[in-house]
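> Pasting a structure below so you can have a look.
The values are calculated or read from the model by the stated rules, or taken from the named source; none is laboratory data. All values reported here derive from a predicted model rather than from experimental measurement. Virtual Cβ from ideal backbone geometry, glycine too; neighbours counted across all protein chains shown. These accessible areas exclude ligands, DNA and RNA; they are computed on the full protein's heavy atoms, side chains included. Shrake-Rupley method; radii C 1.70, N 1.55, O 1.52, S 1.80 Å.
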Amino acid sequence: VLGEGAFSTVFTAIDSRPKRDEIPKKYAVKKMFLQSDEFNRAYTEEVASFSRFPHPNIMTLIDSQSSYQHQAKCRVAYMLFPLMHGSLRDQLNETVLKPEYHNNCNSDQRKYNFRQTLKQYLSILYAFNVLHTHDPPYVHQDIKPENILIDIISNEGHGNGRGYNDN
């Protein structure tokens, strides 16, 4: 389990059939129980919103599906995303909010980290600009450091502000 919200849970998933000589890819799968028309509408809107905002700093929805599950006695929806390797909260906790961070970094390292952090924030602001300048403007309603996911591994440790909401 990567995260739990009021209406969904996000899990790690691994490709069970990787291509020959390829390391299996990891994904994030959001599972939602669609127990009412309101939840169905929220799911449909969330799927639609990802297709409206193709931007390198907005999470990509790879695939989605929903079906009635007799065990759950309701529709269950799944959304497939790339797996991000941390959140803005994680990065803040490991850098500027960590007491020993400032004592253990030399001046050049702190300057480099500060420049990289500014680049990351600029990427996040570009994503917000895409949302807020859309006609009509899109409002996320749950922006917080925990919901701004960063792909630390694929971006050489500097982060790429992207996110999916786990509730």
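> Cα-based Rg of the chain per 2.2 N^0.38 Å, rounded to two decimals?
Against the empirical 2.2 N^0.38 Å value, I get 1.17 for the chain.
> Ignoring ligands, DNA and RNA, please state the percent of accessible area on the chain from carbon and sulfur, probe 1.4 Å.
Ligands and nucleic acids excluded, carbon and sulfur reach 52 percent.
> For the range 60-120, what number results from the quotient of the Cα radius of gyration and 2.2 N^0.38 Å?
Its radius of gyration relative to the 2.2 N^0.38 Å reference: 1.94.
> Continuing with the same structure: Compare Glu146, Glu22, Glu38 in a GNM of the chain, Cα atoms joined below 10 Å, and give the one with the largest fluctuation.
Glu22
> Can you tell me the accessible area per residue over the range 34-148, all protein chains present, probe 1.4 angstrom, in square angstrom?
65
> So how do 26-35, 40-49 stack up, highest first, on mean other-Cβ count within 10 Å?
Highest-to-lowest ranking by the protection proxy: 26-35, 40-49.
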